[in-house]
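Working notes for the structure below.
Since every read-out is calculated from the coordinates, none of them should be taken as a lab result. Computed from a predicted model, the values in this text were never measured in an experiment. Virtual Cβ from ideal backbone geometry, glycine too; neighbours counted across all protein chains shown.
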Amino acid sequence: MKPGIYDGISNTDYHADKDSYSSSIIKLMDVPSVAKYNIDNPGEYKDCFRIGGAIHKHVLEPADFAKEFLTGIDTPRRSAADRSDWAKWFYANGGDGDHITAHKATEWNGMFEASTGKHMVTPAEIEEIKLMGESVFSNSNAKQLLEGGKAEQSIYWQDKETGLNLRCRPDFLSSFCSDLKSCQSAKPGAVSREIVNRGYHISAAMYQEGVSAATGACTPFTFIFIEKTPPYLCAVYCLDDDSQRLGYETFRKYLNKLAKCLESDEWPGLEDNLELPLPIWAFN
């Protein structure tokens with residue numbers, strides 16, 4: 001892809017791109033061998049992505065929800081009769097019912113996605129997703145952040161320092177660059193831990209650099225966190241200056257490490273530590 005901002009690129013095509021690198025790879029460069037594995041094995045199915053994707057599609061692109069997500073029948077997946085009903089549903093929606101229902105029910109979502117390109121959601125999951133969406137838009141700050149811009153645009157650029165081709169896909173881009181995240185707790189302390197554990201501060205720095213490369217503008221970055229359980233609390237957060245600085249420095253560090261690993265084709269794993277300190281609480 002030539003540098004720029006693109007509309008209409010599907011989520012599947014975006015993630016299948018092998019000619020550029022996204023934050024999902026760069027965040028793994030704390031252990032290069034893990035990043036290498038994910039480069040060589042893209043698109044492995046994880047069910048947590050299904051629900052997260054459904055929430056994003058419902059909140060950010062509701063008109064396109066049915067193109068990627070189908071609501072299954074309100075039937076268990078245990079008895080032979082249950083499986084027969086599900087097999088009929090699979091066939092009616094483009095899946096191989098007999099093949100899929102011969103496997104464990106926990107495998108059905110991934111198999112259906114692989115064979116049809118669409119995801120299944122249950123009626124109960126749909127109801128939860130709708131309530132989460134209502135909570136997001138009842139938050140005045142979140143509602144304002146998700147107006148007057150575009151969702152799920154794909155941004156491509158070439159990094160000047162490393163020469164690597166990069167890409168990012170902001171959830172919503174307006175005068176702010178906003179990222180919608182589902183979580184167990186939207187309280188500040190829990191969100192801080194979530195950001196660090198999942199490297200969201202690194203992604204934020206990369207997104208800001210991508211937007212700047214494409215538009216020439218320095219765009220503020222905001223997080224919209226929505227809880228996955230009732231009452232589906234929603235909160236909007238911005239990183240403080242020190243946290244933004246850490247995210248940017250880590251992003252540049254990992255990006256340079258990726259460039260060196262690609263050049264040498266050496267992808268080290270964990271370092272051997274001869275002396276390992278126990279956590280402070282162990283001594284109390």
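Across the chain, C-alpha contacts under 8 Å between residues 6 or more apart give a mean separation that, scaled by the residue count, equals a relative contact order of 22 percent. Going from the residue with the fewest nearby Cβ atoms within 10 Å to the one with the most, 191, 121, 59 rank 191, 121, 59. Please give me the summed charge of the neighbours of residue 254: other residues whose Cβ is under 9 Å from its Cβ, Lys and Arg +1, Asp and Glu -1. For residues surrounding residue 254, the net value is +3. For residue 167, the shell of other residues with beta-carbons less than 13 Å away shows a net charge of -3, using +1 for Lys and Arg and -1 for Asp and Glu.
For the stretch 145-284, the square roots of the Cα gyration tensor eigenvalues, ordered a ≥ b ≥ c, give a/c of at least 1.5 with a/b no greater than b/c, which places it in the oblate category. Derived scalar couplings between HN and Hα for the stretch 63-77 equal 5, 9, 4, 5, 6, 10, 10, 10, 8, x, 7, 8, 9, x, 10 Hz in order, rounded to whole Hz, by the Karplus curve 6.51 cos²θ - 1.76 cosθ + 1.60 (θ = phi - 60°), x for Gly and Pro.
Take the Cα of residue 71, step 7 Å toward its Cβ, do the same at residue 98, and the gap between the two points is 3.1 nm. Looking at the stretch 9-88, the trypsin sites (Lys or Arg not before Pro) that sit in a DSSP loop and have at most 13 other Cβ atoms within 10 Å of their own Cβ are 18, 46, 78. If you wrap the stretch 206-272 in the convex hull of its Cα atoms and look at it from every side, the mean projected area works out to 8.0 nm². With a simple spin-label model that places each label point 7 Å from the Cα along the Cα-to-Cβ direction, the separation between residue 175 and residue 114 comes to 4.8 nm. Straight Cα distances below 18 angstrom link residue 143 to the aspartates and glutamates 61, 134, 152, 171, 179, 227, with same-chain residues fewer than 8 positions distant left out. Based on the reciprocal of the average 1/r between different C-alpha atoms, the Kirkwood radius for the stretch 134-181 equals 12.2 Å.
Sparse packing (at most 16 other Cβ atoms within 10 Å of the Cβ) combined with a DSSP loop state is found for the following chymotrypsin sites (Phe, Trp or Tyr not before Pro) in the stretch 25-62: 45. Among 136, 31, the ranking by other beta carbons within 10 Å of each residue's beta carbon, starting with the fewest, stands as 31, 136. Inverting the pair-averaged 1/r between distinct Cα atoms of the stretch 193-233 gives 11.9 Å as its Kirkwood hydrodynamic radius. Phi angles across the stretch 226-235 convert, under the Karplus curve 6.51 cos²θ - 1.76 cosθ + 1.60 with θ = phi - 60°, into 3J(HN,Hα) values of 10, 6, 8, 10, x, x, 6, 5, 10, 8 Hz, Gly and Pro given as x. In this entry, the stretch 1-145 is assigned a mean projected area of 11.3 nm², taken as a quarter of its C-alpha convex hull surface.
In straight-distance terms, cross-link reach from residue 253 covers every one of the lysines whose alpha-carbon lies under 16 Å from its own, apart from those fewer than eight places away in the same chain; here that gives 27, 160.
Between the amide H of residue 73 and any residue lying 5 or more places away or on another chain, no distance stays under 5 Å, with hydrogens modeled in the peptide plane.
Take the alpha carbon gyration tensor of the stretch 243-284, find the square roots of its eigenvalues, order them as a ≥ b ≥ c, and report rounded if a/c is under 1.5; if not, report prolate when a/b exceeds b/c, else oblate. Oblate is the answer for the stretch 243-284, as a/c is 1.5 or above yet b/c matches or exceeds a/b.
Pair-distance distribution P(r) for the stretch 47-104, from all Cα-Cα distances in 10 Å bins starting at 0: 21, 40, 32, 7 percent. Label separation (residue 187 vs residue 273): 2.8 nm, computed from points 7 Å beyond Cα along the C-beta direction.
Using only the C-alpha atoms, the convex hull of the stretch 63-187 corresponds to 176 Å³ per residue.
Shown here is the pair-distance distribution of the chain: with all Cα-Cα distances grouped in 10 Å bins from zero up to the longest one, the shares run 6, 24, 31, 24, 13, 2, 0 percent. The local environment of residue 186, defined by Cβ-Cβ distances under 13 Å, has a net charge of +2 under the rule Lys, Arg +1 and Asp, Glu -1. Taking other C-beta atoms within 10 Å as the exposure proxy, 251, 221 rank 221, 251 from fewest upward.
Test of understanding: extend the Cα→C-beta vector of residue 282 to 7 Å, then name every residue of the stretch 180-203 with backbone N under 17 Å from that spot. The answer is none. Karplus-derived 3J(HN,Hα) values for the stretch 87-96, using 6.51 cos²θ - 1.76 cosθ + 1.60 with θ = phi - 60°, are 4, 5, 5, 4, 4, 5, 10, x, x, 8 Hz; glycine and proline are entered as x.
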